[in-house]
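Throughout, read-outs are computed from the coordinates displayed, never taken from laboratory work. Bear in mind the structure is a predicted one, so any value in this text is a computation, not a measurement. All Cβ positions, glycine included, derive from the backbone under ideal geometry; neighbour counts span all protein chains shown.
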Amino acid sequence: MGKNLIQQRRGRGNLLYRAPSHKYKGDVRNPVVSKETIQGTVKEFVHCPGHTAPLAKVQTIEGKGGKSVLMLATEGMAVGQSIAIGDAAPAVSGNTLPVGQIAEGTYIYNIENRPGDGGRFVRSGGTHASVVSHSADMTIVQLPSGKFKTLLSTCRATIGVVAGGGRKDKPFAKAGKRYHAAMAKSWRYPQVRGVAMNPVDHPYGGGAHQHKGKTGSVKHGSPVGRKVGSVSPKREGRLKR
């Protein structure tokens, strides 16, 4: 008798596959501000196992007092550096302002998908996007994948490159190090190919040689034991040139 597929076990949501929330130091997002621009100072840098980039603890100065917020550190940021968050913030490295006010060709990160959501795109260490063009109320940015994304000009982003670049340059060298690195984030390692399994363990398993033996696309209503490959894809086959 075979065992459940990896996606079946992951779907149950047990502790082995659940994100390690206790390893996250706090909510890392662009703070909600009013029409006034918030000034802040970088107090220290924090290592967070749940993120690939170091975090900057920023003490904001607003109204009668301030509060401490966590932000993704910018490459070149230093302790004691002053940053600004808001519509009137100057377009310099480390500041957060609407993408509609950022010049074309500028590197940005932690980009909001909708105004006020705190940042959804380009948050990994060493990554950056770039502003491509502006229109009346929309802005086009190019993501690290090369895809062009059209956003409302009021969506905020931070200027610069996410700190922590070069983390992939050093090889793991040993399988044990990669295993423990994966366990820290509840990733599964090693990942066995479906075609290398037996027929009872995976729909692609078995045969005289390693091949899927069937199409890689399955319909949405397929049983959970068959849902491998492309589930309910919008299109199939090669792109027509």
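Modelled spin labels at L143 and R238, positioned 7 Å past Cα toward Cβ, are 2.7 nm from each other.
For the stretch 21-159, the spherically averaged projection of the C-alpha convex hull amounts to 8.2 nm².
Along the stretch 101-112 the Karplus relation, 6.51 cos²θ - 1.76 cosθ + 1.60 evaluated at θ = phi - 60°, assigns HN-Hα couplings of 9, 9, 5, 5, x, 6, 7, 9, 7, 6, 8, 7 Hz to successive residues, with x for each Gly and Pro.
For the stretch 21-159, lysine pairs with C-alpha atoms less than 17 angstrom apart, excluding pairs fewer than eight positions apart on the same chain, total 8. Considering only C-alpha atoms, what is the centroid distance from the stretch 178-228 to the stretch 1-51, in Å? Computed from Cα coordinates, the inter-centre distance equals 27 Å. For the pair L152 and H180, how long in nm is the line joining their label points, each one 7 Å along Cα→Cβ? If labels sit at L152 and H180, their model points lie 4.6 nm apart. Largest first, the extents of the alpha carbon coordinates of the chain on the three principal axes equal 70, 44, 32 Å. Contact order, relative form, for the chain: 16 percent (alpha carbon pairs under 8 Å, 6 or more residues apart, mean separation divided by residue count).
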